[in-house]
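The values are calculated or read from the model by the stated rules, or taken from the named source; none is laboratory data. Just so it is clear, the model here is predicted, and its values are computed rather than measured. A quick note on method: Cβ atoms are made from the backbone with ideal geometry, for glycine too, and the neighbour counts reach across all protein chains shown. Accessible surface is based on the protein model in full, side chains and every heavy atom, while ligands, DNA and RNA are left aside. Shrake-Rupley method; radii C 1.70, N 1.55, O 1.52, S 1.80 Å.
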Amino acid sequence: MTKTNAMRRLDAAKIAYTVCAYEVDESDLSGTHIAEQIGLPYEQVFKTIVMKGDKTGPLVFCIPCHREIDLKRAAAVTGNKRIEAVHVKDLLALTGYIRGGCSPIGMKKRFPTYFDESAATLERLTVSAGVKGMQLLVKSEDILRFTAAVLVQVTTDK
């Protein structure tokens, strides 16, 4: 297995993780599909969404895979009037990651990071390893500290 940038960053910080590999289905890159493949509840599998605020610029949100971002709430908690998703064609240049393999760990630049508040109630959670086909299972407290994440409530049900 080739180490991803996210793995190397966690290794350097001496943060333990487990790699959860899954079969990539290009027709379904959803987090819920990934959760089902790796055998974890939706609440424990977090997807990374890169947004852009009208005042702050790029922002990273990590939310449970079965939830959606409430744009008004997200804008309010980040000090923006409005936010929008970074276009898929701009994701690689901005973060170093592609859709379906975007990790909050090891982006080209450190952006303000927000995790759904439910992360604080979990012992462990997964985020992308930085490539399609791999998730990293880490202690919640470790990833929250490592990413300097702010806990927020910005989700709604799908």
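Brief remarks on what is shown
- Members of the stretch 74-104 found to be touching a Ser or Thr at 6+ places or on another chain (Cβ under 7 Å), surrounded by 19 or more Cβ atoms within 10 Å (Cβ to Cβ) and outside any helix (DSSP H, G or I), listed by number: N80, Y97, G101, C102, S103, P104
- Hits in the stretch 4-39 - residues which are under 18 Å from the mean Cα position of the chain (by Cα) and of a type in the set (D, E, K, R): R8, R9, D28, E36
- Conditions (1) touching a Gly at 6+ places or on another chain (Cβ under 8 Å); (2) not in a strand (DSSP E or B): number failed by L59: (2)
- Out of F111, F115, F61, sole residue that is at pLDDT 95 or above, open to solvent by 10 Å² or more (accessible area, probe 1.4 Å) and closer than 22 Å to K132 by Cβ: F111
- The set of residues in the stretch 29-45 that are surrounded by fewer than 18 Cβ atoms within 10 Å (Cβ to Cβ), in contact (Cβ under 8 Å) with a residue 60 or more places away in the chain and either closer than 18 Å to R99 by Cα or touching a helix residue (DSSP H, G or I) at 6+ places or on another chain (Cβ under 7 Å) (or both) comprises L29, E43.
Every residue, every condition in (1) open to solvent by less than 40 Å² (accessible area, probe 1.4 Å); (2) not hydroxyl-bearing (S, T, Y), yes or no:
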{"position": "N5", "(1), (2)": "no, yes"}
{"position": "T18", "(1), (2)": "no, no"}
{"position": "S27", "(1), (2)": "no, no"}
{"position": "K47", "(1), (2)": "no, yes"}
{"position": "V50", "(1), (2)": "yes, yes"}
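- Looking only at the stretch 7-33, and only at residues there that are touching a Phe, Trp or Tyr at 6+ places or on another chain (Cβ under 9 Å) and either of a type in the set (D, E) or at pLDDT 95 or above (or both), the one that is farthest from K132 (Cα to Cα): A13
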